[in-house]
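Asker: Below is the structure I would like to discuss, written out as structure tokens.
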Amino acid sequence: MHDGSGRVVVQGLTKTFGQVLAVQNLSFTVEPGTVTGFLGPNGAGKTTTLRMLLGLVTPTAGYATINGQPFHSLGNPGRVVGAVLEAQSFHPKRSARNHLRVYAAAIGVPDQRADEVLRLVGLADAAERGAGGFSMGMRQRLALATALLGDPQVLVLDEPANGLDPEGILWLRTFLQGFARSGRTVLVSSHLLAEIEQTVEQVVILSRGQAMYYGPLDRLRKSQQSRVVVRPADPQKLITALQEAELTAIEHLPEGRLAVTGATPEQVGDIALQAQVAIYGMLTEHADLERIFFQLTSGQFSGANLDPYQQQQYQQPQYQQQPPPGWQQQQPPQQHPQQPGQGFGGGY
Ligand SMILES: Nc1ncnc2c1ncn2[C@@H]1O[C@H](COP(=O)(O)OP(=O)(O)OP(=O)(O)O)[C@@H](O)[C@H]1O
């Protein structure tokens, strides 16, 4: 029997497809009562991980458990975990209600549950309509309704916001947060941080199959250093003066601006004054989550299409300087291309 905790545990999970290392030694835990975001760019290994969790792909190494058991040992898994993976298909002529009744019968729940879940996902008025005529957003809702049939303790959703309009995304956010508040567990993947930023408390950020960060989203936000962006009359002269003052975390930005990390505006202003460099503008910039996400995952592709400003701007993942407690960073595998921004690193 499973332990009923609703906890999801991924431990040392690894999957290779021939030469492709899709998931590498991945470990994280999703606690009940929380919504956890599973984030990474296309091809990062999100779907493969979820498929291993749901017993659809056999791991090369490691394991994943729900309620302390691998998926196949859950007995009636539909009553424990509800899942929506990509590319859901529905019988086009079958009504939404009948679609749900077929699945309800398969997991041994009564017919009336179909109407309950249709109400839960806001599709009650479309119960008699064929799923073939549903919009993308309605299909997502029907897939979620299917996952909810067994009143599961755990929800696993792969890119559920795809195809939802802003109102649908807001609805999904409210729904998932309410579901978690009732003591249940939600794991939701996305390749867009902005899409789920307001929904999740915890995140696992994946790049090339590896966890780049695992922990509270808030800690990720707070751990970022702010930087001083300055527009000097003579950038090179200011760089030399800053370096003499041992401020070496300097990045070039467009239009002759410099970004200095680890300094206060007062320090930068005083150094510029002493070096007799005129300053035309200065501001303190706080790192936004999108930039952090980009920094953590920018090694996914070769970066050949990034423009040079982006390469310079995003060159220094600041976690290398100041890792927050509890976060993991591993070396990228050898066969992957160089990270964008390498070669610019190390300051001046
Ligand atoms: N059945 C398979 N055979 C071969 N390679 C696969 C298979 N499934 C996935 N891969 C590869 O594994 C890597 C991870 O893919 P995966 O679909 O898990 O990523 P993802 O993060 O879900 O991406 P996306 O956001 O694009 O769906 C990719 O390089 C992909 O091409």
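Asker: Send over a whole-number figure in Å² for the accessible area per residue of region 152-290, probe 1.4 Å. Mind showing how you got there, number by number?
Answerer: Numbers: 5970 Å² over 139 residues.
Averaged over the residues of region 152-290, the accessible area is 43 Å².
Asker: Nearest 20 debye, what's the magnitude of the dipole of region 185-227 about its Cα centre given +1 on Lys and Arg Cβ and -1 on Asp and Glu Cβ? List each step's numbers first, then the result.
Answerer: On the way: 5 positive and 4 negative charges, 54 e Å.
It comes to approximately 260 debye.
Asker: Could you rank the peptides 285-291, 240-246, 80-86 by their average count of other C-beta atoms within 10 Å per residue, with the highest value first?
Answerer: Details: 285-291: 13.6, 240-246: 15.1, 80-86: 20.9.
Ranked by mean Cβ neighbours within 10 Å, highest first: 80-86, 240-246, 285-291.
Asker: May I ask you to derive the relative contact order of region 1-150, considering only C-alpha pairs under 8 Å and at least 6 residues apart, and to give it as an integer percent?
Answerer: Values: 231 pairs, mean separation 34.0, N = 150.
This gives 23 percent for region 1-150.
Asker: Top to bottom by accessible area (1.4 Å), largest first, where do 270, 234 land? Intermediate values should be presented prior to the final figure.
Answerer: Values: 270 90, 234 65 Å².
Result of the area sort, largest leading: 270, 234.
Asker: Further question: Among the aspartates and glutamates, which have Cα under 20 Å from the Cα of residue 93 when same-chain residues fewer than 8 positions away are ignored?
Answerer: In chain and number order, the partners are 111, 115, 125, 128.
Asker: On a straight-distance basis, which lysines could pair with residue 15 in a cross-link, Cα separation under 21 angstrom, same-chain partners fewer than 8 positions away excluded?
Answerer: Here the lysines satisfying the reach criterion relative to residue 15 are 46.
Asker: Enter the accessible area per residue of region 19-87 (Å², integer; probe 1.4 Å; all protein chains in place).
Answerer: On the way: 2680 Å² over 69 residues.
Per residue, region 19-87 has 39 Å² of solvent-accessible surface.
Asker: Where does the charge balance sit around residue 189 when Lys and Arg score +1, Asp and Glu -1, over other residues with C-beta under 13 Å from its C-beta? Write down the numbers at each step before the final one.
Answerer: On the way: positive: 46, 51; negative: 86, 158, 159, 195.
Net local charge, residue 189 excluded: -2.
Asker: Leaving out ligands, DNA and RNA, what percent of the accessible area of region 160-272 is carbon and sulfur, probe 1.4 Å? Please report the intermediate quantities before stating the final value.
Answerer: Working: 2240 of 4530 Å².
Heavy-atom surface of region 160-272 belonging to carbon and sulfur, 1.4 Å probe: 49 percent.
Asker: Take the Cα atoms of region 69-214, build their convex hull, and give its volume per residue in Å³. Mind showing how you got there, number by number?
Answerer: Numbers: hull volume 18.1 nm³, N = 146.
Normalising the Cα hull of region 69-214 by residue number yields 124 Å³.
Asker: Looking at region 127-227, send over the antiparallel percent of its DSSP beta bridges, to the nearest 5.
Answerer: Values: 6 of 11 bridges.
Expressed as a percentage, antiparallel bridges in region 127-227 total about 55.
Asker: With labels modelled as points extended 7 Å from the Cα through the Cβ direction, what inter-label distance (nm, one decimal) is found for residue 181 paired with residue 246?
Answerer: With each label point 7 Å from Cα toward Cβ, the separation is 5.0 nm.
Asker: Right, here's the next one. First check a/c for region 1-132, with a ≥ b ≥ c the square roots of the eigenvalues of its C-alpha gyration tensor; if it is under 1.5, answer rounded, and if not, answer prolate when a/b is larger than b/c or oblate otherwise. Mind showing how you got there, number by number?
Answerer: Values: a/c = 2.26, a/b = 1.67, b/c = 1.35.
Prolate, because a/c is 1.5 or more and a/b exceeds b/c.
Asker: Bin all alpha-carbon pair distances of region 11-50 at 10 Å intervals from 0 and give each bin's fraction as a whole percent.
Answerer: With a bin width of 10 Å, the distribution comes to 26, 53, 19, 3.
Asker: In nanometres, what is the gap between the two model label sites at residue 226 and residue 167, each 7 Å from Cα along Cα-to-Cβ?
Answerer: Going by the 7 Å Cα→Cβ label model, 3.9 nm.
Asker: Now for a separate question. For region 200-299, what does the equivalent ellipsoid look like in terms of its semi-axes, each the square root of 5 times an eigenvalue of the Cα gyration tensor, given largest first in whole Å?
Answerer: Values: eigenvalues 207, 34, 24 Å².
Semi-axes, largest first: 32, 13, 11 Å.
Asker: Give me the number: length gained by fully extending residue 280 to residue 89, i.e. 0.36 nm times residue separation minus the C-alpha to C-alpha distance, one decimal in nm.
Answerer: Details: separation 191, 0.36 × 191 = 68.76 nm, distance 5.83 nm.
Contour length minus the Cα-Cα distance gives 62.9 nm.
Asker: In whole Å, what three semi-axes, largest first, describe the equivalent ellipsoid of region 114-157 built from its Cα gyration tensor (square root of 5 times each eigenvalue)? All intermediate terms of the calculation are to be shown ahead of the outcome.
Answerer: Working: eigenvalues 66, 28, 10 Å².
So the three semi-axes of region 114-157 are 18, 12, 7 Å.
Asker: A follow-up question, please. Within the accessible area of region 1-148, what % is carbon and sulfur when the probe is 1.4 Å and the other protein chains stay in place? Write out the running numbers ahead of the final one.
Answerer: Working: 3310 of 6620 Å².
C and S fraction of accessible area: 50 percent.
Asker: Determine the dipole magnitude for region 172-286: charges of +1 sit on the beta-carbon of Lys and Arg, -1 on that of Asp and Glu, nothing else is charged, the reference point is the Cα centre, and the result goes in debye to the nearest 20. Don't jump to the answer; show the numbers that get you there.
Answerer: Values: 11 positive and 12 negative charges, 126 e Å.
Here region 172-286 has a charge dipole of around 600 debye.
The values are calculated or read from the model by the stated rules, or taken from the named source; none is laboratory data. Since the model is a prediction, treat every value here as computed from it, not as a measurement. Virtual Cβ from ideal backbone geometry, glycine too; neighbours counted across all protein chains shown. In case anyone asks, the SASA skips ligands and DNA or RNA and just uses the protein heavy atoms, side chains included. Shrake-Rupley method; radii C 1.70, N 1.55, O 1.52, S 1.80 Å.
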